[in-house]
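To keep things clear, I will list the structure first and then write my remarks on it.
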Amino acid sequence: MKIAIATSDYFVPGETFINRHIAEMFGGNTCVICGRHNGQDPLGKPLFVRRAPLSLPDRLAMPFAALRGAAMHGTSRLPFGAGRKALAGFLRDQKADAILAEFGTQALVVAELGNEMGLPVFTYWRGTDASAALRSGQRVRSYRLMMPRLAGMFSVSRFLLDNLAAHGVTHPNAHVVPSGVDITRFTPGRKRPGSFLAVGRMVEKKAPQVTLRAFARAAKGRDAHLTFIGDGPLLEPNKALARELGIAGQVTFTGALPHDRVREQLETTEIFLQHSVTARNGNTEGLPTAIQEALACGCITLSTRHAGIPEAVEHGVNGLLTEEWDETGFAAAITRILDDPARGTMAHAARATAEAKFDNAKGLARVEDIIRATVQAR
């Protein structure tokens with residue numbers, strides 16, 4: 001079986017879940033449909049870039065195509081004209097058997113054409129597409145209209161499927177399959193006592209300032225060190241905040257790092273911190289890959305009761321959970337972990353959780369089985 005994977009941007013190093021699908025799904029028998037391409041193709045896949053320059057006839061036809069798409073499908077992003085013909089030709093030439101759209105917003109782009117060509121279309125919900133996007137009535141309408149066009153859908157967490165269902169977006173062939181982690185590569189190493197790590201973009205929904213202030217309250221002057229890996233608009237403000245709190249010597253900001261460097265840090269880190277919150281625009285996590293990787297590396301994980309995180313972190317078993325924005329509770333949890341002489345038990349439970357729930361080889365096989373069975377049943 002060959003599958004066409006539709007994504008917005010290709011190749012994005014941080015989108016490990018999408019890159020894994022492109023590289024490994026159905027034995028690597030894949031091709032890629034993307035909106036934009038940055039020129040890198042380390043996976044060496046056949047590639048179709050949708051956003052090519054429009055011909056003059058298509059520029060003239062674009063307003064009418066957009067109006068038709070908005071009226072009939074709730075979206076103006078459907079391929080049309082020469083671009084639509086070229087995409088259809090690409091799918092025929094590649095002999096694709098199905099399409100998997102990474103993120104629901106990408107499924108909107110390819111669902112109609114897939115139906116016209118007799119190709120089953122699946123989508124994978126991952127976060128903002130099933131949270132912030134639902135603030136738009138037009139987007140909710142487009143999702144509802146799309147449901148009969150899909151052969152099935154996946155989500156990284158039950159939370160996202162429930163969020164969609166609350167807006168009337170449901171499908172009978174829906175499955176929760178977390179992105180997962182390569183548990184043969186992400187493994188526990190020799191831990192540095194008192195080592196803390198936070199990984200992710202320095203943006204609103206990660207609330208790095210809450211993590212930093214809580215760490216200062218609980219660990220200032222103790223034998224503890226926090227490393228932040230990630231870049232973004234809140235990086236410089238948090239560097240300044242660390243100086244203001246008097247803990248600059250206990251905090252390291254690395255900026256963005258390659259994935260292998262992140263893995264090396266996780267292997268030797270004792271405690272992983274992620275204070276995820278719902279952003280003002282409604283954006284949430286799905287189930288953060290970084291948390292799954294931290295558990296696989298035997299990191300005691302302190303996070304929030306946010307989105308799908310409680311589906312991974314069991315309070316008092318493999319980590320601790322607090323409410324969103326609860327800086328006092330987050331600081332108390334840090335203290336509790338540091339003061340627990342038997343905290344290694346939680347570290348062992350973290351690894352066991354990853355082995356049982358987040359082995360990406362098992363998750364990938366499950367997605368393949370569902371797609372194969374659905375296609376064969378048509």
On the given criteria, is Ala350 surrounded by 15 or more Cβ atoms within 10 Å (Cβ to Cβ) and of a type in the set (Gly, Ala, Ser)? yes
Test: Ala365 is assigned to a helix (DSSP H, G or I), of a type outside the set (Val, Ile, Thr) and either free of Cβ contacts under 8 Å to residues at least 60 places away in the same chain or open to solvent by 10 Å² or more (accessible area, probe 1.4 Å) (or both): yes
I'd like to know if region 114-121 contains one or more residues that are under 27 Å from Asn283 (Cα atoms) and in contact (Cβ under 8 Å) with a residue 60 or more places away in the chain. no
Which ones in region 245-285 are within 17 Å of Ala354 (Cβ to Cβ), touching a strand residue (DSSP E or B) at 6+ places or on another chain (Cβ under 8 Å) and not acidic (Asp, Glu)? Val262, Gln265, Leu266, Thr268, Thr269, Ile271, Phe272, Gln274
Which members of region 86-95 meet the condition of being modelled with pLDDT of 95 or more and either surrounded by fewer than 16 Cβ atoms within 10 Å (Cβ to Cβ) or in contact with an Asp or Glu (Cβ under 9 Å, 6 or more places away or on another chain) (or both)? Ala88, Gly89, Arg92, Asp93, Lys95
Among the residues of region 276-291, the number that are in contact with a Pro (Cβ under 8 Å, 6 or more places away or on another chain) and closer than 19 Å to Ala256 by Cβ is 1
Exclusive hit being over 30 Å from Ala218 (Cβ atoms), of a type in the set (Ser, Thr, Tyr) and outside any loop (DSSP other than H, G, I, E, B), set Thr374, Thr345, Thr328, Thr335: Thr374
Yes or no: Ile229 within 14 Å of Glu264 (Cα to Cα), open to solvent by less than 60 Å² (accessible area, probe 1.4 Å), in contact with a helix residue (DSSP H, G or I) (Cβ under 9 Å, 6 or more places away or on another chain) and without any contact (Cβ under 8 Å) to a residue 40 or more places away in the chain? yes
Residues in region 110-124 that are surrounded by fewer than 24 Cβ atoms within 10 Å (Cβ to Cβ) and in a helix (DSSP H, G or I) total 4
Could you check how many residues of region 32-80 are hydroxyl-bearing (Ser, Thr, Tyr) and more than 29 Å from Ile18 (Cα to Cα)? 1
Test: residue in region 48-58 that is closer than 26 Å to Val181 by Cα, open to solvent by 10 Å² or more (accessible area, probe 1.4 Å) and in contact with a strand residue (DSSP E or B) (Cβ under 8 Å, 6 or more places away or on another chain): no
Tally, over region 172-193, of residues that are under 19 Å from Arg372 (Cβ atoms) and open to solvent by 30 Å² or more (accessible area, probe 1.4 Å): 5
Only one of Gly255, Gly298, Gly249, Gly282 is on the phi > 0 side of the Ramachandran plot and out of contact with any Ser or Thr (no Cβ under 9 Å at 6 or more places or on another chain), namely Gly255
What's the total number of residues in region 125-168 that are of a type in the set (S, T, N, Q) and open to solvent by 60 Å² or more (accessible area, probe 1.4 Å)? 2
Only residues that are among the polar types (S, T, N, Q) and either open to solvent by 60 Å² or more (accessible area, probe 1.4 Å) or more than 23 Å from Pro178 (Cα to Cα) (or both): list them for region 9-47, please. Asn29, Asn38, Gln40
I'd like to verify a number: residues in region 17-51 that are in contact with an Asp or Glu (Cβ under 9 Å, 6 or more places away or on another chain) and among the basic types (Lys, Arg), how many? 2
Name, by its number, the condition in (1) out of contact with any Asp or Glu (no Cβ under 9 Å at 6 or more places or on another chain); (2) aliphatic (A, V, I, L, M); (3) assigned to a helix (DSSP H, G or I); (4) surrounded by fewer than 19 Cβ atoms within 10 Å (Cβ to Cβ) that does not hold for Val317. (3)
Does region 96-104 contain at least one residue that is touching a Phe, Trp or Tyr at 6+ places or on another chain (Cβ under 8 Å), of a type in the set (D, E, K, R), surrounded by fewer than 20 Cβ atoms within 10 Å (Cβ to Cβ) and part of a loop (DSSP other than H, G, I, E, B)? no
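The values are calculated or read from the model by the stated rules, or taken from the named source; none is laboratory data. It should be emphasised that the depicted structure is a prediction, and the values quoted were computed from it without experimental measurement. Neighbour counts are summed over all protein chains in view; Cβ atoms, including those assigned to glycine, are modelled from backbone coordinates with ideal geometry. Areas reflect the complete protein model, heavy atoms only, side chains present, ligands, DNA and RNA absent. Shrake-Rupley method; radii C 1.70, N 1.55, O 1.52, S 1.80 Å.
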